[in-house]
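Scroll down for the structure; my scribbles are underneath it.
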Amino acid sequence: MQQSIYAKPIGAMLFIAGLLSGCASMFSNIPLSSTEARVHQAPNINAPYNKPYKVRGVMYYPLRSASGYQEIGIASWYGSESGNRTAMGTRFIPHNLTAAHKTLPLPSKVRVTNLDNGRHVDVIVNDRGPFKKGRVIDLSHGAAKKIGLHGVSKVKIEHLDHKISQR
């Protein structure tokens with residue numbers, strides 16, 4: 001049997017539609033459904049947004065797994081890009097609990113703790129960045145507000161390894 005030339009593109013579109021169908025609930029701090037948990041257990045490392053890429057002459061190599069990932073560094077926030085598309089193709093909504101990271105596999109769920117005040121927030125990393133020297137993560141305005149981040153702050157980033165969110 002000969003396969004249609006449309007089979008692969010249609011299959012890819014169905015896969016992406018399946019990923020995007022759960023996005024509304026992924027942006028909150030509520031526990032993940034089993035469908036969303038499967039998305040977080042196995043990011044599609046072959047997706048274009050998880051391939052090596054170049055920005056301003058610098059190559060970035062996304063991790064194949066975020067399991068056990070921890071990092072301390074400077075976080076900033078972004079919000080003026082409202083409505084723009086993220087690296088994953090979803091619309092950026094500033095009040096959602098999302099983030100951008102240069103090398104974590106997309107999507108990844110991480111806990112970001114503001115080391116100045118101890119407050120934390122669980123976010124879905126669905127975009128690439130920040131590309132400003134010395135910054136490790138960009139938080140959406142909603143996530144930054146939850147941890148009292150105004151401007152920049154020193155934070156700890158921990159991959160949640162599919163743990164259920166704590167309230």
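The values are calculated or read from the model by the stated rules, or taken from the named source; none is laboratory data. On a predicted model such as this, the values are computed, not experimentally measured, just so you know. As a convention, Cβ positions derive from the backbone with ideal geometry for all residues, glycine included, and neighbour counts pool all protein chains shown.
Of note:
- Region 123-137, residues that are surrounded by 16 or more Cβ atoms within 10 Å (Cβ to Cβ) and out of contact with any helix residue (DSSP H, G or I) (no Cβ under 9 Å at 6 or more places or on another chain): V125, G129, P130, R135, V136, I137
- Candidates in region 45-89 are the residues that are among the polar types (S, T, N, Q) and buried (at least 16 other Cβ atoms within 10 Å of the Cβ); of these, the one that is farthest from D138 (Cα to Cα) is N50.
- Conditions (1) over 25 Å from G148 (Cβ atoms); (2) modelled with pLDDT under 95; (3) surrounded by 17 or more Cβ atoms within 10 Å (Cβ to Cβ): number failed by F92: (1)
- Scope region 134-153; condition among the basic types (K, R) and either under 17 Å from K102 (Cα atoms) or at pLDDT below 95 (or both); matching residues: R135
- Any chance K102 is out of contact with any strand residue (DSSP E or B) (no Cβ under 6 Å at 6 or more places or on another chain) and modelled with pLDDT of 85 or more: no
- Residue list for region 114-138, restricted to those being closer than 11 Å to I74 by Cα and in contact (Cβ under 8 Å) with a residue 40 or more places away in the chain: N114, L115, P130, K132, G134, R135, V136, I137, D138
- Pair list, Cβ < 7 Å and 6+ apart or interchain, from region 75-89 residues that are touching a residue at least 60 places away in the same chain (Cβ under 8 Å) and under 13 Å from P130 (Cα atoms) to residues that are surrounded by 14 or more Cβ atoms within 10 Å (Cβ to Cβ) and of a type in the set (V, I, T): A75/V112; A75/V136; A75/I137; A75/V152; A75/V155; S76/V152
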